[in-house]
There are 2 protein chains.
Amino acid sequence: MAVGTQATVKSLDPVDLREIGAPMILGNAYHLHLRPGDELIRDFGGLHSFMGWDGPILTDSGGFQVFSLEGLRTVEESGVEFRSHIDGSKHVFTPESVMQIERNLGADVIMQFDHVIPGQSDEAAARDASERSIRWLARCVAELERLRAGGPPPTTTLPPPAPLPGTTFPLPAPNHPQALFPIVQGGIHPALRRDAARAIQDSGSFSGYGIGGLSVGEAKPDMYNILEIVDAELPRDRPRYLMGVGFPEDLVEGVLRGVDLFDCVAPTRMGRNGTAFTRDGRLNIKRAEFRADRRPIDAECDCACCTRYSRAYVRHLFLADEIHGLRLLSLHNVHFLVSLMRDARASLLRGTFDGWSDAWLQRYHSRTEPAPA
Amino acid sequence: MAVGTQATVKSLDPVDLREIGAPMILGNAYHLHLRPGDELIRDFGGLHSFMGWDGPILTDSGGFQVFSLEGLRTVEESGVEFRSHIDGSKHVFTPESVMQIERNLGADVIMQFDHVIPGQSDEAAARDASERSIRWLARCVAELERLRAGGPPPTTTLPPPAPLPGTTFPLPAPNHPQALFPIVQGGIHPALRRDAARAIQDSGSFSGYGIGGLSVGEAKPDMYNILEIVDAELPRDRPRYLMGVGFPEDLVEGVLRGVDLFDCVAPTRMGRNGTAFTRDGRLNIKRAEFRADRRPIDAECDCACCTRYSRAYVRHLFLADEIHGLRLLSLHNVHFLVSLMRDARASLLRGTFDGWSDAWLQRYHSRTEPAPA
């Protein structure tokens with residue numbers, strides 16, 4: 001999923017994302033509740049209509065964001081009181097209020113409100129947060145039932161946005177169900193993760209499962225270990241979503257461990273900073289060695305940047321502080337991850353994923369920068 | 001012309017400009033000489049190839065830029081010595097060196113190196129600068145002859161860029177002649193302008209004429225008066241280019257006085273600051289009244305912003321500091337000016353320009369902001 005926290009994938013247009021083939025966009029309940037307000041978005045017919053994206057959308061619940069507000073929030077069993085990072089105003093998130101916000105936003109997939117803790121938390125803290133998340137899941141399920149009984153998610157009185165080129169997804173039907181994904185927590189503690197995955201399945205049937213609280217400071221082997229444990233527990237016929245991950249190599253390692261769905265700010269954030277993903281590792285386009293380099297960022301890439309522009313031109317745009325440069329690298333990086341997942345899927349379907357992923361990781365790690373021209 | 005000073009129209013892609021129907025892009029010899037260097041661009045086959053734009057390009061000579069470097073430059077008859085605004089390095093521009101730079105850039109139309117003075121300069125200073133510009137024109141003509149004899153402008157060993165959608169212009173032929181436009185100077189002094197227009201015509205035959213040194217601080221009636229004087233002097237079958245102008249109303253007033261070609265940073269600069277052009281005047285999208293406004297920026301506009309997004313959404317993007325917002329308004333504003341010129345041309349061809357321009361100006365000036373919804 002391309003990350004569109006504030007109802008836009010940074011520097012890109014939905015038309016770009018359709019051309020890239022991005023299958024889904026992620027929005028964020030915390031950010032959109034604060035600005036422009038989920039009720040405003042509801043009145044515009046939901047997030048699809050407001051932001052002009054007619055493909056699938058998932059909204060994160062904001063659990064990660066409110067628990068990141070260290071010193072600006074207090075946690076109780078009922079929910080979390082916090083101050084806005086924008087203007088310091090007071091807000092309360094409960095499982096119920098978050099379901100109401102996500103109902104207003106009208107995404108196709110909505111995440112439960114969960115208790116997120118730092119990656120290196122001890123077992124007692126991790127157990128407390130995981131068990132609270134499971135109790136909050138039951139409240140989310142009940143509240144969503146109540147909201148569904150009260151009527152459909154937002155529909156629009158506006159005309160639908162002009163269809164994007166190559167549209168393959170219709171806007172959600174007026175009465176689409178909004179799939180609720182639970183989130184497996186439990187830190188880096190195998191027993192807690194196993195317990196959480198089982199307790200969640202005991203509490204209902206879900207269309208997919210989030211795996212939260214990883215890539216938040218723990219060591220990579222710990223993350224891989226936890227993924228393997230959770231992989232063994234979750235139903236094999238439902239998608240698993242590894243939240244907030246990641247870099248190209250993390251996607252390959254994640255797929256290797258059963259993950260289907262990812263999101264991360266890395267492609268656009270790194271793109272804005274001048275770093276491009278390539279099949280030969282990362283490349284910092286501002287380096288002097290690219291001053292007169294006629295090659296595209298990645299010779300095997302067919303994105304709008306690599307088919308039209310040289311490294312020298314993109315480097316010039318960055319040195320001249322031109323927005324076009326950061327836009328081109330954002331576009332390239334999102335395209336790179338979408339293509340990577342498409343290739344991974346193709347090799348899975350062919351039954352050649354193990355060999356493909358070995359070769360891919362070896363090449364990617366073999367150089368951090370391509371050799372000079 | 002869309003302004004692409006540093007080999008990019010700020011925040012837009014050539015694909016956007018082709019979709020908008022922008023007929024031509026302006027680049028700048030001063031900026032491109034300093035960064036990335038005109039010799040680098042020559043080695044990439046010229047500006048068209050370097051920046052991926054296969055339509056016509058005009059380069060300004062940098063006269064305006066080097067004369068703006070008050071305190072950082074010294075003027076002699078031979079040329080101007082100045083310090084770079086980027087790193088303070090010393091450079092010399094002469095009519096000859098500027099022709100060499102513009103040859104390297106390889107634009108279709110290149111402007112002479114001229115002596116530009118502030119809008120309120122007295123007659124003695126204006127006469128001195130205008131007469132020097134005419135002497136420098138002769139040196140530009142001679143140097144361009146010499147360069148043409150030495151071989152063609154840059155051609156590329158690179159494959160041509162992927163054609164833009166709806167391409168109508170071929171890349172310049174390998175031996176395209178590069179039309180040199182002289183620049184009429186003379187401040188706000190009618191006799192000087194008349195003398196300059198006549199002296200320029202005495203010195204050769206040109207494909208088009210620049211009108212410089214306007215919209216640089218003088219009063220609007222002075223600018224209109226000078227345009228009328230120059231209009232009467234220049235040959236009627238060659239395009240006249242009013243340099244650095246302007247806002248929508250300036251374009252209409254300019255066409256009314258015989259101008260064919262304009263350039264200005266206004267559409268992208270104002271777009272980045274949240275100001276949109278509309279048929280009912282300018283609109284500051286950040287104003288609170290647009291918080292829940294479902295209407296497009298301009299209901300009669302068919303640009304990619306107005307056909308897809310509400311004022312409320314664009315306002316949200318600006319308040320959230322999202323690049324997508326300033327890109328959408330830049331795109332809208334450039335589209336607005338291109339459409340305006342297209343409409344002006346259509347009414348000229350129908351013989352209804354006077355009535356059309358009266359009505360257009362009256363509506364545009366009647367409100368500075370559209371009424372709230």
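Helix B:95-105 axis versus longest C-alpha principal axis of chain B: approximately 50°, rounded to the nearest ten.
Taking other residues whose beta carbon is less than 13 angstrom from the beta carbon of B:Arg269, and scoring Lys, Arg as +1 and Asp, Glu as -1, yields +2. Here the chain A residue lying nearest the rotation axis onto B, judged by its C-beta and given with the distance in whole angstrom, is A:Ile323, 3. Shown for B:Pro23: label points 7 Å from Cα along the beta-carbon vector, and their distances to the equivalent points in the other copies, 4.7 nm in ascending order. Fewest neighbouring Cβ atoms within 10 Å first, the residues B:Asp54, A:Asp114 line up as B:Asp54, A:Asp114.
Computed extension length for A:Arg279-A:Thr352: 24.4 nm, one decimal, from 0.36 nm per residue of separation with the Cα-Cα distance subtracted. Peptides A:351-357, A:62-68 ordered by packing proxy, namely the average of other Cβ atoms within 10 Å per residue, highest first: A:62-68, A:351-357. Look at the stretch A:322-328: the mean tally of other chain Cβ atoms within 10 Å of its residues' Cβ atoms is 6.
When chain A is treated as a Gaussian network with alpha carbon springs shorter than 10 Å, the biggest mean-square fluctuation among A:Tyr209, A:Tyr241, A:Tyr309 belongs to A:Tyr309. For chain B, B:Cys140, B:Cys264, B:Cys303, B:Cys305 stand unpaired, since no other cysteine beta carbon lies under 4.7 Å from theirs. The calculated FRET efficiency for the pair B:Tyr224 and B:Glu77, based on their C-beta separation and a Förster distance of 35 Å, comes to about 0.60. With the simple spin-label model, which puts each label point 7 Å out from Cα in the Cβ direction, the B:Ala149 to A:Ala191 separation comes to 9.3 nm. Among the residues of A:52-61, the average count of other protein chain beta-carbon atoms within 10 Å of the residue beta-carbon is 1.
Using a Gaussian network model of chain A in which every pair of alpha carbons under 10 angstrom is joined by a spring, one finds that among A:Phe262, A:Phe290, A:Phe181 the greatest mean-square fluctuation is at A:Phe290. Using only the alpha-carbon atoms, how far is helix A:190-202 inclined from the longest principal axis of chain A? Give it as 0 to 90 degrees, nearest 10. Helix A:190-202 sits roughly 60 degrees off the main axis of chain A.
The mean count of C-beta atoms from other chains within 10 Å of the C-beta of residues in A:303-313, rounded to a whole number, is 4. Among residues other than B:Glu39 with Cβ under 14 Å from its Cβ, the summed charge is +1 (Lys and Arg +1, Asp and Glu -1).
Backbone phi angles across region B:63-69, fed through the Karplus curve with coefficients 6.51, -1.76 and 1.60 (θ = phi - 60°), yield HN-Hα couplings of x, 4, 5, 5, 6, 6, 7 Hz in residue order; Gly and Pro are listed as x.
The angle between the Cα long axis of helix B:220-233 and the main principal axis of chain B comes to about 50°, on a 0 to 90 degree scale. The label-point distance for B:Gln120 and A:Ala124, in a model that sets each label 7 Å from Cα toward Cβ, rounds to 7.5 nm. From largest to smallest, the equivalent ellipsoid semi-axes obtained for chain B from the alpha-carbon gyration tensor read 34, 25, 20 Å.
A label point on A:Ser89, set 7 Å along the Cα-to-Cβ line, lies at 5.1 nm from each of its counterparts in the other copies, closest listed first. Panel order for A:Leu319, A:Leu283, A:Leu242, by other beta carbons found within 10 Å of each beta carbon, from fewest to most: A:Leu319, A:Leu283, A:Leu242. Measuring r between the beta carbons of A:Gln362 and B:Val92 and using R0 = 45 Å, the FRET efficiency lands at 0.25. Among A:Cys301, B:Cys140, the ranking by other beta carbons within 10 Å of each residue's beta carbon, starting with the fewest, stands as A:Cys301, B:Cys140. Relative to the other identical copies, A:Ser78 shows label-point distances of 8.3 nm, where the label point lies 7 Å from Cα along the Cβ direction and values run shortest first. A:Met243 sits among other residues whose Cβ lies under 9 Å from its own Cβ, and their net charge, with Lys and Arg +1 and Asp and Glu -1, is -2. Here region B:17-129 is assigned +1 on the Cβ of each Lys and Arg and -1 on the Cβ of each Asp and Glu. Its dipole about the Cα centre then comes out at about 300 debye.
The numbers here are math on the coordinates, done by the rules we state, and not lab data. Values in this document were obtained by computation on a predicted structure and should not be read as measured data. Neighbour counts run over all protein chains shown; Cβ positions are idealised from the backbone, glycine included.
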